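Trainee: Quick one: the structure is below, and I'll ask about it shortly.
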Amino acid sequence: MKMLVNFLCRDVDRTFEFFQRLFGFEEIESARSPIYRALHTGASELGFNAPAARALLALPDAAEPPGVEAFPTFMLDEPEAVDAAAQRAAALGGRVLRAPFPTYYAQWQAVLADPEGHAFRVASLRLPAADSARAEPA
């Protein structure tokens with residue numbers, strides 16, 4: 001099974017480019033349309049829908065993005081990659097909602113938002129050596 005995660009965007013190109021530059025994912029050019037762009041992540045795909053897609057999908061119009069109801073987590077190999085992704089996200093116009101921290105389930109993770117406010121996490125199954133002894137609820 002392959003999973004697709006789609007974002008409803010006000011500016012599909014800006015959001016697409018944010019995630020492409022943040023993670024270096026390749027575009028799925030065959031999926032490109034005037035209202036849709038997609039990135040190949042390896043095991044899954046990220047899709048980005050322009051406002052016109054709402055009518056196509058029978059979704060209500062939205063003046064503002066909805067609150068966080070679901071969010072993707074990008075599993076990275078090393079804790080240092082989590083730190084680097086948090087820094088890059090901020091440099092690319094996103095926000096760090098929670099700086100990298102150790103979770104109670106022994107992951108190193110950060111909670112981020114893209115320029116439109118879509119929340120997502122980056123995480124590693126390993127803790128940095130200095131934090132392996134402490135973890136907090138997340």
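The values are calculated or read from the model by the stated rules, or taken from the named source; none is laboratory data. Because the structure is predicted, anything quoted here is derived from the model rather than measured. Here the Cβ is made from the backbone with ideal geometry for all residues, glycine too, and neighbour counts use every protein chain on show.
Trainee: What about Val12, is it within 30 Å of Arg126 (Cβ to Cβ), surrounded by 15 or more Cβ atoms within 10 Å (Cβ to Cβ) and touching a Phe, Trp or Tyr at 6+ places or on another chain (Cβ under 6 Å)? Working first, answer last.
Mentor: Working: within 30 Å of Arg126 (Cβ to Cβ): no; surrounded by 15 or more Cβ atoms within 10 Å (Cβ to Cβ): yes; touching a Phe, Trp or Tyr at 6+ places or on another chain (Cβ under 6 Å): yes.
No, not satisfied.
Trainee: Please return the ranges of strands (runs of 3 or more DSSP E) entirely within region 1-49 where 1 or more residues are among the basic types (Lys, Arg). Give the steps one after another, and end with the answer.
Mentor: On the way: elements: 3-8, 36-40, 44-49.
Counting at least 1 such residues, we get 36-40.
Trainee: Okay, moving on. List the pairs whose first member sits in region 3-22 and is not assigned by TED's automatic domain parsing to the domain that holds Gly117, whose second member is among the aromatic types (Phe, Trp, Tyr) and modelled with pLDDT of 95 or more, and whose Cβ atoms are under 8 Å apart, counting only residues at least 6 apart or on separate chains?
Mentor: Cys9/Phe16; Phe19/Phe25
Trainee: Inspect region 38-61 for any residue being buried (at least 17 other Cβ atoms within 10 Å of the Cβ), touching a strand residue (DSSP E or B) at 6+ places or on another chain (Cβ under 6 Å), free of Cβ contacts under 8 Å to residues at least 40 places away in the same chain and within 16 Å of Arg14 (Cβ to Cβ) and give the result as yes or no.
Mentor: yes
Trainee: Only one of these is touching a Pro at 6+ places or on another chain (Cβ under 8 Å), modelled with pLDDT of 95 or more and within 22 Å of Met3 (Cβ to Cβ): Ala85, Ala110, Ala50. Name it. Can you show your working first?
Mentor: Values: Ala85 fails: touching a Pro at 6+ places or on another chain (Cβ under 8 Å); Ala50 fails: modelled with pLDDT of 95 or more.
Going through Ala85, Ala110, Ala50 in turn, the sole match is Ala110.
Trainee: Moving to a separate point now. If I ask for residues that are among the hydrophobic types (A, V, I, L, M, F, W, C) and in contact with a helix residue (DSSP H, G or I) (Cβ under 8 Å, 6 or more places away or on another chain), which ones from region 19-53 would you list? Spell out how you get there, then give the answer.
Mentor: First, pick out the residues of region 19-53 that are among the hydrophobic types (A, V, I, L, M, F, W, C): 19, 22-23, 25, 28, 31, 35, 38-39, 43, 46, 48, 50, 52-53.
Correct list: Leu22, Phe23, Phe25, Ile35, Ala38, Leu39, Leu46, Phe48, Ala50.
Trainee: Please verify whether Phe7 is among the hydrophobic types (A, V, I, L, M, F, W, C), at pLDDT 95 or above and touching a Phe, Trp or Tyr at 6+ places or on another chain (Cβ under 7 Å), treating the condition exactly as stated. Talk me through it step by step, then tell me what you get.
Mentor: Details: among the hydrophobic types (A, V, I, L, M, F, W, C): yes; at pLDDT 95 or above: no; touching a Phe, Trp or Tyr at 6+ places or on another chain (Cβ under 7 Å): yes.
The answer is no for Phe7.
Trainee: Give region 79-113 a look and list any residue that's touching a residue at least 24 places away in the same chain (Cβ under 8 Å) and of a type in the set (Lys, Arg), or say none.
Mentor: Arg88, the sole residue that qualifies.
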